[in-house]
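K.L.:
Right, I'll just put the structure down here and ask away after.
The values are calculated or read from the model by the stated rules, or taken from the named source; none is laboratory data. Here the structure is a predicted model, which is why all the values come from computation and not from measurement. Glycine also receives a Cβ, built like all others from the backbone with ideal geometry; neighbour counts cover every protein chain displayed. Protein only, heavy atoms only, side chains kept; ligands, DNA and RNA dropped before computing areas. Shrake-Rupley method; radii C 1.70, N 1.55, O 1.52, S 1.80 Å.
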Amino acid sequence: MKSFADIHALACQRHGGEAAVRAAMPKVLTPAALARKPDAFYLSNMMRRIFRAGLSHRLVDNKWPAFEDAFFGFDPEKLVLMPDDMLDARMQDTRLIRHYGKMRAIRHNAQLVLDVAREHGSFGRFIGQWPDDRLVELWRDLSRRGKQLGGSSAPAFLRMVGRDTWYPTGDVLAGLIANGVVDRALASQRDRRAAQAAFNTWQAESGLPQAHISRTLSMTVG
């Protein structure tokens, strides 16, 4: 496995230098900043990620103001009380993406956000306090407790809200394979733990957020 210094050097070589690589890094928020975000912010972005899956991100994002209007600004306290007939009525709203399975997930995931907030003070505090060296376990927890958060949806959601996480894109997977970390898609928890260990090593070497390490690794391939 290459050192992070070697990975960074290759990314700079392929993408026009240090400044270009630095400019491509995703925004990462501190745990304190995450804790200050309201629970509705997290539920809205969680569901926006879920609706993005399999669709154009631009299409979903353009429709999201209508979703915010139709679903009470994604206030989880209100959404857990939404009756079936009100949810069914949303399926007739032509402003929305009328995918019944994903719409039904709104109410379930509103309960998830509420439960987590009651356990930890807020949803943002929960994700902000999770140990960086066990991020794949956070993905698994969100996938297990939520609806439609399997595959790469949990890390994609965390990246959207600014929580530091590595992200298993195709280029990141190719970089992990090239470095001998895994030899196939991250289909099992064992493979994900092996990848997590590599990111932990690179973070210890560099002191950088895992989101930045992940993006840098992807730039050695794409």
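K.L.:
Quick check on R140: is it touching a residue at least 60 places away in the same chain (Cβ under 8 Å), assigned to a helix (DSSP H, G or I) and either surrounded by 15 or more Cβ atoms within 10 Å (Cβ to Cβ) or acidic (D, E) (or both)?
P.N.:
Spelling it out, it is not the case that R140 is touching a residue at least 60 places away in the same chain (Cβ under 8 Å), assigned to a helix (DSSP H, G or I) and either surrounded by 15 or more Cβ atoms within 10 Å (Cβ to Cβ) or acidic (D, E) (or both).
K.L.:
Just name the residue that is nearest to M160 (Cα to Cα) out of those in region 203-222 that are touching a residue at least 24 places away in the same chain (Cβ under 8 Å) and part of a loop (DSSP other than H, G, I, E, B).
P.N.:
Looking at residues that are touching a residue at least 24 places away in the same chain (Cβ under 8 Å) and part of a loop (DSSP other than H, G, I, E, B), I get P209.
K.L.:
Could you tell me how many of the residues in region 162-172 are in a helix (DSSP H, G or I) and open to solvent by 40 Å² or more (accessible area, probe 1.4 Å)?
P.N.:
Number of matching residues: 2.
K.L.:
Return the only residue of L81, L87, L114, L96 being among the hydrophobic types (A, V, I, L, M, F, W, C), part of a loop (DSSP other than H, G, I, E, B) and open to solvent by less than 40 Å² (accessible area, probe 1.4 Å).
P.N.:
Answer to the selection: L96.
K.L.:
So which residues in region 195-222 are open to solvent by 40 Å² or more (accessible area, probe 1.4 Å) and of a type in the set (A, V, I, L, M, F, W, C)?
P.N.:
A197, A204, L208, V221 - these are the residues of region 195-222 that are open to solvent by 40 Å² or more (accessible area, probe 1.4 Å) and of a type in the set (A, V, I, L, M, F, W, C).
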